[in-house]
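A short write-up of the structure that comes next.
The values are calculated or read from the model by the stated rules, or taken from the named source; none is laboratory data. Treat the numbers as computed from the prediction; the structure is a model and nothing was measured. Glycine also receives a Cβ, built like all others from the backbone with ideal geometry; neighbour counts cover every protein chain displayed. For the accessible areas, the whole protein counts, side chains as well, though only heavy atoms, and no ligand, DNA or RNA atoms are used. Shrake-Rupley method; radii C 1.70, N 1.55, O 1.52, S 1.80 Å.
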Amino acid sequence: MSTVLPSVSDWTPLTSKLGGTVILPDHDAYDATRAVWNGMIDLRPAAIARCKSVEDVQSAVEFGRQHGLELAIRGGGHSAAGLGSTEGGLVIDLSEMNAVQVDPEARTAVVQGGAKWKDVDEATTAHGLATTGGVISTTGVGGLTLGGGIGTIMRLYGLACDNLLSAELVLATGEVVTADSTSHPDLFWALKGGGGNFGVVTEFTFRLHPMPGLYGGMILHPRENALAAIRHFRDVALNAPDELGIFAALLHSPEGLPIVAYLPWYVGTESEASFSIEPLRTFGPPMADLTAQTPYTVEQTSLDEGFPPGMHVYWKSHFLSQLTDEAIATIVEHANQAPSPLSATLLETMGGAVARVPVDATAFPHRDAAFNLAIITRWLDPADSDVNIAWARSFFDAMQSFSSGVYVNYLGVGDDSSRVSDAYAGATHQRLRQVKRQYDPDNLFHRNQNLLPA
């Protein structure tokens, strides 16, 4: 959305109300605070409101609405499209609202809207419990959950949004409401996959599950065996028990060697895992088998180092209802042409508990997807932008005929409203637009994967 934003000469009405800090362009912390995870995004908001309470969020929303400012809501700042910032508008930064309260008896966790998954994992596993979160621990809880929430243990426990019990949010009017299955049920349905279209979520309540242990890691193979390796991954993944989540990746080792990686995660003990993971090990021999019994918190941070903030990142993706030999050949061909060794192609196995949720039960409709393909290109030099973006787009186009939709959280820079509609089935899309009309008819919250009010 392109718009000419008004200028604000007097921020006193906001700074005087906020318990947190309003950071303006002349503030020493402005450049550090405006930075987001994707180094490709370089936006200069008029101000950043670092909120410490629900009342702070209300004040920021009301000020932004009154002054006609574009609002960007930032939880973890991990959006590949850079949606946690805005040019000339107001960023509502929730990063200081990151508390997690666990009730081990009820098996629930109350999580503030600015928390990251690392905060949740550390708090819940202290009680032998967990819920589905992102595979990068620095990802914000809010953005991931509101878009659906793919994670390592989703095949056993469902998506992040499937474990959402209630949400407290500030609406466009400034009103604070709690949405759950009995209060504002249509809004609650929309929050489970419909993105940040409906308000600023200041608190999530999640269902927790037993975490008896996790066996995971990587099994590495040389890239020249990629075709056979991915076919083998597919066959094992389609027959895996719910306890076993499996991803596959085509990437480069830290030494620059092109490889194929299997990433299995089994919820249980090593002896239980060995039977389920053994089929993966029948392909090979591998270059290395780095799997082991690992604390969940450690495994959830294992990919962080490979996805640090500041790189230029461009993403494209497709859900795949099936992974045919032809699709695999196309994936391997294009992955082998990646211009940057920092790029990666990822296949995430869906199914299990994810597939057993009725398609209309949440706003995440892709319950029949077998796999999710993520095309992730990354580079350091801005001069390399064109060639890397062109590669990702060419790869994406070549996979279009195999696509069954798109994961809204993997929409990236430049994806327009037509791609947003691809994230939702027809009936889901229309229902979301009706909920949008009810709760945000003026589209105040449009700095997101936007749904226009019906």
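Based on the convex hull around the alpha carbon atoms, the range 8-74 presents an average projected area of 4.6 nm². Taking the alpha-carbon centroid of each part, what is the distance from the range 274-339 to the range 34-105 in angstrom? Their Cα centres are 31 Å away from one another.
Lysine pairs in the chain whose alpha-carbon atoms fall under 24 angstrom of each other, counting only those eight or more residues apart or on distinct chains, come to 8. A Cβ-based charge dipole, computed about the Cα centre of the range 152-300 with Lys and Arg at +1 and Asp and Glu at -1, lands at about 380 debye. Toward the positive end of the charge dipole of the chain, with +1 on the Cβ of Lys and Arg and -1 on the Cβ of Asp and Glu, the farthest Cα among SER274, GLN434, LEU129 is that of GLN434. Taking all protein chains together and rolling a 1.4 Å probe, SER271 ends up with roughly 90 Å² accessible. Using a cutoff of 8 angstrom between alpha carbon atoms and counting only pairs six or more residues apart, the relative contact order for the range 40-199 works out to 18 percent.
Dividing the mean sequence gap of close Cα pairs (under 8 Å, 6+ apart) by how many residues the range 240-284 holds gives a relative contact order of 36 percent. Need one word for the range 349-450: rounded, prolate or oblate. Basis is the Cα gyration tensor (sqrt eigenvalues a ≥ b ≥ c); a/c below 1.5 gives rounded, then a/b vs b/c decides. It is oblate, given that a/c is not under 1.5 and a/b is not larger than b/c. Phi angles of the range 193-201 translate, via the Karplus equation with coefficients 6.51, -1.76, 1.60 and θ = phi - 60°, into HN-Hα couplings of x, x, x, x, 7, 10, x, 9, 7 Hz per residue; Gly and Pro are given as x. Near LEU238, once Lys and Arg are set to +1 and Asp and Glu to -1 for all other residues with Cβ below 14 Å from its Cβ, the sum equals -2.
For the chain, the relative contact order works out to 16 percent when only alpha carbon pairs closer than 8 Å and six or more residues apart are counted. To the nearest 0.05, what FRET efficiency results for ASP384 and ALA228 with a Förster distance of 30 Å applied to their C-beta separation? Efficiency at R0 = 30 Å is approximately 0.45.
Peptide packing for 384-391, 365-372 was compared via the average number of neighbouring C-beta atoms within 10 Å per residue; ordered from the highest value, the list is 365-372, 384-391.
A simple spin-label model places the labels of ALA398 and LYS52 5.3 nm from each other, with each point 7 Å out along Cα-to-Cβ.
Converting phi to 3J(HN,Hα) with the Karplus coefficients 6.51, -1.76 and 1.60 and the offset θ = phi - 60°, the range 211-225 yields 10, x, x, 9, 10, x, x, 9, 10, 10, 9, x, 4, 5, 9 Hz in sequence order, with x at every glycine or proline.
Kirkwood analysis of the range 297-374, using all unique Cα-Cα pairs, places the hydrodynamic radius at 14.9 Å. Sorted largest first, the spans of the alpha carbon positions of the range 1-160 along the three principal axes are 51, 32, 27 Å.
Computed on protein heavy atoms with a 1.4 Å probe, the accessible areas place ARG431, ARG34, ARG437 in the order ARG437, ARG431, ARG34, largest first. Remark on GLY158: its backbone amide H falls under 5 Å from those of ALA353, VAL354, a criterion applied only to residues 5 or more positions apart or on other chains, H modelled at 1.01 Å from N. The alpha carbon centroids of the range 398-416 and the range 187-226 are separated by 18 Å.
Taking the Cα centre of the range 7-162 as the origin, how large is its charge dipole in debye, to the nearest 20, when only Lys and Arg (+1) and Asp and Glu (-1) carry charge on their Cβ atoms? Intermediate results must be reported in sequence, preceding the final value.
Values: 11 positive and 18 negative charges, 58 e Å.
In total the dipole reaches around 280 debye.
For the range 209-275, the Kirkwood estimate of hydrodynamic radius, built from reciprocal distances between every pair of different alpha carbons, is 12.8 Å.
The alpha carbon convex hull volume per residue for the chain rounds to 134 Å³. Summarising the amide proton neighbourhood of GLU203: residues at separation of 5 or more, or on other chains, whose placed amide H is nearer than 5 Å comprise GLY113, GLU168.
Computed in the context of the full set of protein chains, the accessible area of the chain at 1.4 Å probe radius has 50% of its extent on carbon or sulfur.
Starting from the Cα coordinates of the range 186-338, work out the convex hull volume and express it per residue in Å³.
Dividing the Cα hull volume of the range 186-338 by its residues yields 174 Å³.
Placing unit charges on the Cβ atoms only, positive for Lys and Arg and negative for Asp and Glu, gives the range 172-247 a dipole magnitude near 320 debye about its Cα centre.
Highest mean packing first, where packing is the average number of other Cβ atoms within 10 Å per residue, the peptides 172-179, 190-197, 328-335 line up as 190-197, 328-335, 172-179. 3J(HN,Hα) along the range 140-152, derived from phi through the Karplus expression 6.51 cos²θ - 1.76 cosθ + 1.60 where θ = phi - 60°, amounts to x, 4, x, x, 5, 5, 5, x, x, x, 6, x, 5 Hz, with x in place of Gly and Pro.
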